[in-house]
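The values are calculated or read from the model by the stated rules, or taken from the named source; none is laboratory data. The structure presented is a predicted model; accordingly, all values stated were derived computationally and were not measured. So basically every Cβ, Gly included, is an ideal-geometry build from the backbone, and we count neighbours across all protein chains shown. For the accessible areas, the whole protein counts, side chains as well, though only heavy atoms, and no ligand, DNA or RNA atoms are used. Shrake-Rupley method; radii C 1.70, N 1.55, O 1.52, S 1.80 Å.
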Amino acid sequence: GTNFDYPTPEDEDGHGSHTASTTAGNVLNAELLAPTTSITRVISGVAPHANIIAYDVCHSGGCPYVSTTAAVEQAIIDGVDVINYSISGGEDPYYETTDLAFLEAYDAGIFVSTSAGNEGPGPATVGHVGGGVSASAAATHNRALSNSLINMSGDGTPPADIKGLGFTSGYGPAEIVYAGDYGDPLCPIGAFAPGTFDGEIVVCDRGTHARVDKAQSVLNGGAGGFVLANDAASGDSLTGDAYALPGVHITYDDGVVLKAWLAGGASHIGAITGWVESLDPANGDILAAFSSRGPNPTFDVLKPNLTTPGVDVFAAILTPDLENPGPDEYGFLSGTS
């Protein structure tokens, strides 16, 4: 998560600080400031009294093997107990030098924990397939940031209220429209010129582009609200992202119903409720659509080794302005890291 391009160990994109604080962050009262809302909670890492040694191996061009391999070798010399390696790779463990170094770490009695990868939901997409490492997939936990699209009215038969996820404020009532009718249902950045929308709630399809980028794309075009409808492959897998405007992520089945309604007639109206926090065992242990899957495409070793909470994790995200450093920052991130 750090960057050779700056003379500092600080994060550039937040990944390293988020994984490190999830592992061993102190117990503290954290305020998470999102674009449209905020939340304050007591948080901590899994092992808040553990010590972390962080090795700076990545830069804007990637994470070269010469650096990652050297870091593993240094970790062995330093006598660590566990190596957390939340970087992709490992598909050819008998060729990649870092995976060969993991075997040395294993021989030294070090537990090597790696990310399974965020290339799901297709089969045989798992990384770090070697026998000397543990590869983790990502699932939901019991805490959910629910958000909903409600009070729909207009031509045709309006759907019932649709419950989804999204860490945003509420919005509406406003007209609901489908981005596919404005040129691109996948809503990449730059797809909609300013003034394309005039405060509507815009529905985008999941896929190809980052979820939060889709929200930013419709906001750039003048939208007032956002709905992300899952593709068939993602099914019921939802993520409570902090969008740049009020928004809600809904399942594939709910998206099919919503878009069928929007396709008939006009004057389709609805509202976004805003987030509500809930604790429910039914929210947990659902494999994330982005999480890479087995089977192991290389040889007969079971991968991923285990599935752990990796969706909407509240932890530190240090992405400072190096010229004007600000206060600590926190955020929800999702991934097998």
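Points worth noting:
- Between the residues Leu100, Leu145, Ile39, the greatest Cα displacement towards the positive end of the dipole of the chain, with unit charges on the Cβ of Lys, Arg, Asp and Glu, is found for Leu145.
- Here, region 163-243 is characterised by an Rg to Rh ratio of 0.93, where Rg is the alpha-carbon radius of gyration and Rh the Kirkwood radius.
- Percent carbon-and-sulfur accessible area, the chain, ignoring ligands, DNA and RNA, probe 1.4 Å: 53 percent
- Of the options [x] 20.4, 75; [y] 21.4, 69; [z] 49.7, 165, only one is Rg and Dmax of the Cα atoms in Å as computed from these coordinates, and that is [y].
- The accessible area of Glu73, taken with all protein chains in place and a 1.4 Å probe, comes to roughly 100 Å².
- Per residue, the chain exposes 47 Å² of accessible surface when a 1.4 Å probe is rolled over the protein heavy atoms with every protein chain present.
- The alpha carbons of region 101-227 occupy a box of 66, 32, 25 Å along the principal axes, longest dimension given first.
- Cα centroids of region 22-84 and region 190-237: 31 Å apart.
- Computed from label points 7 Å out along Cα-Cβ, the spacing between Tyr95 and Leu302 is 2.8 nm.
- Among Arg211, Arg143, the sequence by solvent-accessible area, most first, with a 1.4 Å probe is Arg143, Arg211.
- Between Gly224, Ser292, Gly270, the Cα set farthest toward the positive side of the dipole of the chain (charges on each charged residue's Cβ, about the Cα centre) is that of Gly270.
- The chain: antiparallel DSSP beta bridges as a percent of all, rounded to 5: 55 percent
- Building the convex hull from the alpha-carbon atoms of region 33-98 and averaging its projection over directions returns 7.4 nm².
- Where the Cα pairs of region 1-116 fall when distances are cut into 10 Å bins, in %: 12, 39, 33, 13, 3
- Counting Cα-Cα pairs of region 122-175 in 5 Å increments starting at 0 gives whole-percent bin shares of 4, 12, 15, 14, 9, 10, 10, 9, 8, 5, 3, 1.
- On a per residue basis, the convex hull of the C-alpha atoms belonging to region 63-136 measures out at 78 Å³.
- Contact order normalised by residue count of region 131-222, Cα under 8 Å, 6+ apart, percent: 22 percent
- Rel. contact order, % - alpha carbon contacts under 8 angstrom, at least six apart, region 239-313: 31 percent
- Cross-link pairs exceeding 26 Å between alpha carbons, from the set Lys163/Lys259; Lys214/Lys303; Lys214/Lys259: Lys214/Lys303.
- In degrees, nearest ten, helix 15-24 long axis to first principal axis of the chain (Cα): 70 degrees
- Shape call, region 184-337: gyration tensor on alpha carbons, a/c limit 1.5: oblate
- Radius 15 Å from Cβ of Thr273, net charge of other residues (Lys, Arg +1; Asp, Glu -1): -2
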